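The values are calculated or read from the model by the stated rules, or taken from the named source; none is laboratory data. This one's a predicted model, so the numbers in the text were calculated from it and none came from an experiment. Don't worry about glycine lacking a Cβ; one is built from the backbone with ideal geometry, like all the others, and counts go over all protein chains shown. Side chains included, ligands, DNA and RNA excluded: accessible areas come from the protein's heavy atoms. Shrake-Rupley method; radii C 1.70, N 1.55, O 1.52, S 1.80 Å.
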Amino acid sequence: MNESIQKPMLQQVPLQQVCYTQSPKNDKLGKIARLYANAFADLPWNEYKVCQQGHYFGRQQAELTNCTTCSQPLKIAYPEEETVDYIAKEITKPEGTLVTFEDESGEVLAAGWGYACTTEELQAKYNSSEMKGKVVDRIKKTAEKTQRVFYLSEIMVDAAVRNRGIATKITKCLFERAQALDLNLVMRTRYDSPMAQIAKNMQMSQVIGWGEDTDNTNRVLYIKI
Ligand SMILES: CC(C)(COP(=O)(O)OP(=O)(O)OC[C@H]1O[C@@H](n2cnc3c(N)ncnc32)[C@H](O)[C@@H]1OP(=O)(O)O)[C@@H](O)C(=O)NCCC(=O)NCCS
Ligand SMILES: [Zn+2]
């Protein structure tokens, strides 16, 4: 059988890479917010519904109405309006950069963004003083420029077009942006995310390994020198 017949139609759709250094219009942000909610609803994230205490449940348990841990009611993890606000806030940070892959009608099938942040701002992403100290120590051991970094914040690709190099292209584009700003790019992800494979392929250095992040043992941190 011809392999292309088995693939979803989207595999054949030509996609255009777009780089935004200013926030796009709200309807575009809405498309990205929907993509975001979809991309994180399944494994390994399972962030489809959430309770007040921050217990998440994946799309596989979509019918659940109450948390199985604390019995509190569940709500959708990434409602569109809140998610639009979050994304807008992220990409209007200093040197905020958004990269998308869009089809001819402007539908967004992939997106990723990053921004410049100080080491203090990076430390603020960790809860414990142990991790706040560790992150700076480790970066200082690997990199020369440590005052400010370019933080690759989020990246997501529609399930229908995964594994064809799109996230790799977005990451490269954000590397180039960081390089143009004379900053090292840092990326935090799960040890078992395809992003960890992409980091390896792109010769990023792992500064916090699996099990070393005591705030969240599944999390790892990379830097591109
Ligand atoms: C992570 C994600 C953005 C990757 O997008 P993508 O366009 O499919 O990525 P690419 O095609 O550029 O590269 C994927 C790489 O990961 C590998 N990979 C694919 N699935 C994997 C998995 N489940 N575990 C580990 N590696 C995997 C691929 O083999 C490929 O590596 P290779 O080039 O050495 O073969 C996409 O899977 C996604 O949106 N996931 C949900 C959201 C998410 O996890 N975002 C990242 C948060 S930091
Ligand atoms: Zn709960």
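What to note about this one:
- Odd one out for Leu181 among (1) open to solvent by 10 Å² or more (accessible area, probe 1.4 Å); (2) over 25 Å from Pro24 (Cα atoms): (2)
- Residue match in segment 76-90 (condition: of a type outside the set (Val, Ile, Thr), on the phi < 0 side of the Ramachandran plot and within 16 Å of ligand 2 (Cβ to nearest atom)): yes
- Condition broken by Lys132, with the remaining ones in (1) at pLDDT 95 or above; (2) open to solvent by less than 20 Å² (accessible area, probe 1.4 Å); (3) not aromatic (Phe, Trp, Tyr) satisfied: (2)
- Output for segment 150-187, where each listed residue is under 30 Å from Asp42 (Cα atoms) and part of a strand (DSSP E or B): Phe150, Tyr151, Leu152, Ser153, Glu154, Ile155, Met156, Val157, Leu185, Val186, Met187
- Of all the numbered requirements in (1) surrounded by fewer than 16 Cβ atoms within 10 Å (Cβ to Cβ); (2) away from ligand 1 (no atom under 16 Å from the Cβ), Lys93 misses one, and that requirement is (1).
- Which listed residue, of Gly58, Gly30, Gly106, Gly112, is closer than 27 Å to Arg162 by Cα, within 16 Å of ligand 1 (Cβ to nearest atom), of a type in the set (Gly, Ala, Ser) and surrounded by fewer than 20 Cβ atoms within 10 Å (Cβ to Cβ): Gly58
Listed here are the residues, each with its yes/no results for (1) touching a Cys at 6+ places or on another chain (Cβ under 9 Å); (2) part of a loop (DSSP other than H, G, I, E, B).
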residue: Thr83; (1), (2): no, no
residue: Pro94; (1), (2): yes, yes
residue: Leu98; (1), (2): yes, no
residue: Gly106; (1), (2): no, yes
residue: Trp113; (1), (2): no, no
residue: Cys117; (1), (2): no, no
residue: Lys125; (1), (2): yes, yes
residue: Met131; (1), (2): no, no
residue: Lys140; (1), (2): no, no
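- In the set (1) open to solvent by 40 Å² or more (accessible area, probe 1.4 Å); (2) within 16 Å of ligand 2 (Cβ to nearest atom); (3) in contact (Cβ under 8 Å) with a residue 12 or more places away in the chain, Val50 fails one condition alone, (1).
- Checked against the criterion of being within 25 Å of Ile32 (Cα to Cα) and open to solvent by 20 Å² or more (accessible area, probe 1.4 Å), the candidates Arg138, Arg148, Arg162 yield just one match: Arg162.
- Selection of first residues in segment 56-73 that are closer than 23 Å to Ala39 by Cβ and modelled with pLDDT of 95 or more and of second residues that are among the basic types (Lys, Arg) and surrounded by 13 or more Cβ atoms within 10 Å (Cβ to Cβ), restricted to Cβ pairs under 7 Å at least 6 apart or on distinct chains, gives the following pairs, ordered by first then second residue: Phe57/Lys49; Leu64/Lys49.
- Among the candidates Thr171, Thr189, Thr214, residue that is more than 22 Å from Gln147 (Cβ to Cβ) and away from ligand 1 (no atom under 15 Å from the Cβ): Thr214
- Among the candidates Ala41, Ala37, the residue that is within 16 Å of ligand 1 (Cβ to nearest atom), open to solvent by less than 40 Å² (accessible area, probe 1.4 Å) and either part of a helix (DSSP H, G or I) or of a type outside the set (A, V, I, L, M) (or both) is uniquely Ala37.
- Qualifying residue in segment 201-211 (condition: more than 13 Å from the chain's Cα centre (by Cα) and in a helix (DSSP H, G or I)): yes
- So Val50, is it aliphatic (A, V, I, L, M) and within 19 Å of Thr69 (Cβ to Cβ): yes
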